[in-house]
Amino acid sequence: LIPDELDPPDHTKYRALLNPMFAPGTVSKMTQDVRAQAVSLIGRLAEQSGCEFMGSFAKPFPVSIFLRLMGLPLEQMATFLKWEADALHSETMEPKIAAIRAIHDRLIEAIEERRREPRDDLISHALKARIDGRPLTQSELVGFGVMMFLAGLDTVSSALGLFFKHLALHPEQQADLRARPARIAPAVDEMLRAFPVVTTNRRVMQDVELSGVHMKAGDWVTIQTSSATLDPAEHADPRRVDFDRQNKASGVFAYGPHRCLGSHLARLELRIALEEWTSRLPLFHIHPGSKPLLHGGSVFGVDRLELAW
Ligand code: HEM
């Protein structure tokens with residue numbers, strides 16, 4: 001979120017500005033919109049007896065929410081999906097850079113449109129915002145949009161992929177959610193705990209030694225903090241998914257100043273996806289003969305998940 005060319009304000013000032021846009025009350029007003037996107041994607045599957053879940057739902061669903069929030073046309077879905085895939089999953093740097101540049105340019109275009117004609121979307125709200133009494137610079141506005149894109153899409157897709165893979169392999173738990181939809185919200189929390197997807201990275205600010213490991217100022221470190229939710233000292237039999245587990249609350253959205261801005265939106269998207277799938281489509285399982293394909297990386301997730309029903 002922090003632009004290079006300014007002496008940036010404290011990160012907490014950015015968060016003070018953005019937090020209200022993603023607070024529980026604001027997010028709950030998005031429920032209808034989020035549900036409409038889920039219903040529209042699932043509607044297309046109702047006539048089928050199976051699908052590749054990632055391409056048919058897990059990837060387009062959060063992108064459709066992002067487009068709605070930013071006031072961008074849903075018709076650009078395929079373009080944004082391609083940019084997302086290139087930016088986050090290319091093996092080489094060139095397509096990554098080209099995709100980020102393309103997102104950057106598309107956001108600048110949208111910012112200019114909203115300056116001329118404000119609407120009820122996040123770009124228009126960000127244009128009205130003030131930090132230290134001044135409006136956000138173009139680079140801060142674009143930084144906000146790119147951050148939303150990078151932080152809010154792959155994470156939700158990955159969580160959906162891992163949740164649905166688990167439910168496909170555990171029909172008794174899927175049947176439980178179908179019979180008692182009120183259990184979907186706690187089930188989301190429990191599956192978030194059991195399947196942490198994000199690995200965080202930090203730059204070392206000063207030379208330090210930690211448990212015999214020397215780190216130098218400027219080094220990058222990868223910190224698997226989210227796997228604390230699999231700590232057997234905190235969670236008995238941590239790999240077991242138990243919707244009745246009491247201490248589901250966990251650090252999957254991290255702690256402190258960089259705690260996930262979109263945690264309430266993420267939970268809403270995951271809950272609604274499960275509610276609509278279980279109420280509209282029959283019990284699903286892994287397509288016979290297929291194998292889910294997973295990937296590692298800074299966001300752990302699923303490449304292919306063939307479901308049948
Ligand atoms: C299951 C879904 C998600 C998970 C597991 C997740 C997890 C996380 C984690 C662990 C961090 C901390 C990263 C760090 O400290 O380096 C983070 C930060 C962030 N997340 Fe999420 N996230 C999810 C969905 C979303 C969504 C839907 C949005 C969209 C608004 C979002 C926006 C952000 C932003 C903007 C940050 C950076 C916050 C800051 O640096 O102040 N996330 N997320």
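Do the conditions hold for Pro135, that is, is it free of Cβ contacts under 8 Å to residues at least 40 places away in the same chain, away from the ligand (no atom under 16 Å from the Cβ) and out of contact with any strand residue (DSSP E or B) (no Cβ under 8 Å at 6 or more places or on another chain)?
yes
Entry remark, the stretch 190-207: residues being more than 7 Å from the ligand (Cβ to nearest atom), of a type in the set (A, V, I, L, M) and in contact with a strand residue (DSSP E or B) (Cβ under 6 Å, 6 or more places away or on another chain) number 1 in total. Just one residue in the set Ser64, Ser49 is without any contact (Cβ under 8 Å) to a residue 60 or more places away in the chain, out of contact with any Asp or Glu (no Cβ under 8 Å at 6 or more places or on another chain) and of a type in the set (Ser, Thr, Tyr); that residue is Ser64.
If the condition is being near the ligand (Cβ under 9 Å from one of its atoms), touching a Pro at 6+ places or on another chain (Cβ under 7 Å) and either farther than 19 Å from Ala38 by Cβ or of a type outside the set (A, V, I, L, M, F, W, C) (or both), then the stretch 138-156 contributes only Gly152. Against the numbered list (1) under 21 Å from the mean Cα position of the chain (by Cα); (2) closer than 30 Å to Glu91 by Cβ, Leu274 comes up short only at (2). From the list Leu283, Leu268, the lone residue that is at pLDDT 95 or above and closer than 30 Å to Ile223 by Cβ is Leu268. Is it fair to say Arg259 is within 10 Å of the ligand (Cβ to nearest atom) and not aliphatic (A, V, I, L, M)? Criteria met by Arg259. Taken over the stretch 94-123, the criterion of being under 21 Å from the mean Cα position of the chain (by Cα) and in contact (Cβ under 8 Å) with a residue 24 or more places away in the chain is satisfied by Ile100, Ile103, His104, Arg106, Leu107, Asp121, Leu122, Ile123. Checking each residue of the stretch 235-255 against the condition of being of a type outside the set (A, V, I, L, M, F, W, C), within 16 Å of the ligand (Cβ to nearest atom), at pLDDT 90 or above and not in a strand (DSSP E or B) gives no match. Within the stretch 269-282, can one find any residue that is within 16 Å of the ligand (Cβ to nearest atom) and closer than 19 Å to Met147 by Cα? Yes, the stretch 269-282 contains at least one residue that is within 16 Å of the ligand (Cβ to nearest atom) and closer than 19 Å to Met147 by Cα. Here Ser49 meets each of (1) surrounded by fewer than 13 Cβ atoms within 10 Å (Cβ to Cβ); (2) of a type in the set (Ser, Thr, Tyr); (3) touching a helix residue (DSSP H, G or I) at 6+ places or on another chain (Cβ under 7 Å) with one exception, condition (3). Scanning the stretch 143-183 for residues that are touching a residue at least 12 places away in the same chain (Cβ under 8 Å) and not in a helix (DSSP H, G or I) yields Leu153, His170. Ala217 - would you say it is out of contact with any helix residue (DSSP H, G or I) (no Cβ under 6 Å at 6 or more places or on another chain), surrounded by fewer than 16 Cβ atoms within 10 Å (Cβ to Cβ), within 18 Å of Pro282 (Cα to Cα) and among the aliphatic types (A, V, I, L, M)? No: the conditions fail for Ala217.
Under the condition of being without any contact (Cβ under 8 Å) to a residue 24 or more places away in the chain and outside any strand (DSSP E or B), which residue from the stretch 208-227 is nearest to Pro186 (Cα to Cα)? If we take residues in the stretch 208-227 being without any contact (Cβ under 8 Å) to a residue 24 or more places away in the chain and outside any strand (DSSP E or B), then Ser211 is nearest to Pro186 (Cα to Cα).
The values are calculated or read from the model by the stated rules, or taken from the named source; none is laboratory data. From a predicted model like this one, the values you see are computed outputs, not experimental measurements. Every residue, glycine among them, receives a Cβ derived from its backbone with ideal geometry; neighbour counts consider all protein chains shown.
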